[in-house]
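Here the structure is laid out as structure tokens; the discussion comes afterwards.
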Amino acid sequence: MPFTLQQLHAALAQRPVILAPMEDVSDAVFRRLCRDHGADLCVTEFVNVEGLLRGCQKARKKLTLQADDTPTAIQIYGSDPARLAEAAQVAEAAQPAWIDINCGCWVPKIAGRGAGAGWLRNPEAMVAMAKLVVDQCSIPITVKTRIGLGPESHMPIVDLARRLEDVGVAALTIHCRTAAMGHSGAADWTWAARAREVVSIPVIVNGDIRSAENADRALRETGCAAVMVGRMAIDHPWVFREARALLDTGVEIAPPTPEERIALCQTHLIANVAARGEPHGVRVTRRHLSGYLTGLRHAAALRKKLLFCDSLAGCLDILSGYGQEMAA
Ligand SMILES: Cc1cc2nc3c(=O)[nH]c(=O)nc-3n(C[C@H](O)[C@H](O)[C@H](O)COP(=O)(O)O)c2cc1C
């Protein structure tokens with residue numbers, strides 16, 4: 001269900017831990033799993049506005065939110081302001097909690113064509129585009145961007161934050177790297193702190209939040225409203241409940257037990273096969289399994305067996321056999 005602006009701000013005032021939009025990762029199955037493990041808010045994978053407006057099946061599927069998939073925002077990306085505004089209206093009909101505009105994707109085939117981080121080449125144009133989308137939609141619009149293009153550019157993020165607020169953007173997520181950095185190098189959270197100081201809309205800090213302690217420190221050091229977790233969730237979705245516990249009680253909870261690790265492999269495989277069939281559902285789960293099995297005895301041998309198994313029944317047999325060995 002869509003949030004009002006007040007509801008979005010109230011949700012962001014709770015220091016939520018948010019699942020980042022990640023293409024081919026933050027799908028309906030993974031969002032449910034992260035929510036079950038404590039994610040307070042979720043954002044979909046980015047949706048291409050041209051695909052969406054053409055009625056492309058893949059884009060349309062990404063817009064479908066189940067009744068229990070809430071609060072979830074839909075993220076869109078594109079390079080043409082009018083098309084973004086039009087697509088945002090289509091996305092609005094899917095009743096997301098809010099709509100996020102991707103102004104941070106560094107991948108050359110996207111940023112090179114003026115979408116994603118390409119908007120950072122012309123902050124003026126980014127602000128005008130955001131205004132158009134805000135003006136044409138009736139649910140809250142947020143922007144996710146980076147601190148700048150880098151490495152030689154000055155970092156526009158502080159001024160940009162102020163200007164995005166001025167045109168009615170409801171909240172801002174800052175991935176604290178430059179576009180040139182891609183996903184490497186350390187995120188510099190001080191930029192989120194500087195941007196946060198000049199705006200009254202909520203700022204969500206993102207980049208290198210890899211543990212509950214990181215989430216707690218990022219919120220304390222930046223004064224931001226919320227944290228967004230990307231890659232760590234792929235390997236360790238327990239990060240959400242661990243962060244939630246530390247933020248709420250100041251106490252670190254125990255890491256997942258080996259049994260929980262095995263159970264999550266099973267749950268994720270079953271859910272992905274139900275959503276996608278075999279062998280696709282098994283294959284797309286593999287990127288998670290290695291992380292889920294971290295720290296288990298003979299994890300390398302177990303990973304290898306799973307890597308060569310394309311059937312759900314086979315994977316479940318391997319995992320339950322391992323579980324029995326562990327218990328013996
Ligand atoms: C596989 C993958 C896919 C991603 N897809 C998107 C996307 O669709 N939209 C987006 O805004 N960012 C995307 N990102 C960036 C993440 O949302 C996040 O900003 C980035 O990974 C930094 O956070 P982290 O250090 O917690 O991973 C993606 C990142 C990864 C690793």
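List of remarks:
- Complete set of residues in the range 113-153 that are among the small types (Gly, Ala, Ser) and modelled with pLDDT under 95: GLY150, SER153
- Single match in LEU296, LEU264, LEU306 (criterion: closer than 30 Å to ALA226 by Cα and of a type in the set (A, V, I, L, M)): LEU264
- Hey, GLU252 among the acidic types (Asp, Glu) and part of a loop (DSSP other than H, G, I, E, B) or not: yes
- Only one entry in ARG146, ARG196 is among the basic types (Lys, Arg) and buried (at least 24 other Cβ atoms within 10 Å of the Cβ), namely ARG146.
- Among residues of the range 222-241 being within 12 Å of the ligand (Cβ to nearest atom) and under 21 Å from THR178 (Cα atoms), the one that is surrounded by the fewest Cβ atoms within 10 Å (Cβ to Cβ) is ARG231.
- Subset of the range 1-60 (residues that are closer than 28 Å to ALA274 by Cβ and of a type in the set (Gly, Ala, Ser)): ALA20, SER26, ALA28, GLY38, ALA39, GLY51, GLY55, ALA59
- Candidates PRO255, PRO237 - the one that is in contact with a His (Cβ under 8 Å, 6 or more places away or on another chain) and either at pLDDT 95 or above or assigned by TED's automatic domain parsing to the domain that holds ILE201 (or both): PRO237
- Evaluating CYS56 against the criteria (1) touching a residue at least 40 places away in the same chain (Cβ under 8 Å); (2) away from the ligand (no atom under 11 Å from the Cβ) leaves one unmet condition, (1).
- Residue match in the range 9-26 (condition: crowded, with 20+ Cβ neighbours inside 10 Å, under 25 Å from PRO123 (Cα atoms) and not aliphatic (A, V, I, L, M)): yes
- From the options ALA87, ALA82, residue that is part of a helix (DSSP H, G or I), more than 19 Å from the chain's Cα centre (by Cα) and buried (at least 24 other Cβ atoms within 10 Å of the Cβ): ALA87
Rundown of residues vs (1) within 16 Å of the ligand (Cβ to nearest atom); (2) touching a residue at least 12 places away in the same chain (Cβ under 8 Å); (3) assigned to a helix (DSSP H, G or I); (4) under 30 Å from TRP98 (Cβ atoms), yes/no style:
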| position | (1), (2), (3), (4) |
| --- | --- |
| VAL205 | yes, yes, no, yes |
| ALA215 | yes, yes, yes, yes |
| ALA243 | yes, yes, yes, yes |
| LEU264 | no, yes, yes, yes |
| THR285 | yes, yes, yes, yes |
| GLY291 | yes, yes, yes, yes |
| LEU302 | no, yes, yes, no |
| LYS305 | no, yes, yes, no |
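- The range 139-186, subset farther than 13 Å from LEU120 by Cα and β-branched (Val, Ile, Thr), residue farthest from the chain's Cα centre (by Cα): VAL167
- Among the candidates LEU160, LEU219, LEU172, residue that is away from the ligand (no atom under 13 Å from the Cβ), closer than 27 Å to ILE234 by Cβ, buried (at least 18 other Cβ atoms within 10 Å of the Cβ) and not acidic (Asp, Glu): LEU219
- Flag for ASP80 being of a type outside the set (Lys, Arg) and away from the ligand (no atom under 16 Å from the Cβ): yes
- Restricting the range 93-122 to residues that are more than 19 Å from the chain's Cα centre (by Cα) and part of a helix (DSSP H, G or I) leaves a set whose member that is farthest from the ligand (Cβ to nearest atom) is ALA93.
The values are calculated or read from the model by the stated rules, or taken from the named source; none is laboratory data. Quantities reported herein were computed from a predicted structural model and do not represent experimental measurements. As a convention, Cβ positions derive from the backbone with ideal geometry for all residues, glycine included, and neighbour counts pool all protein chains shown.
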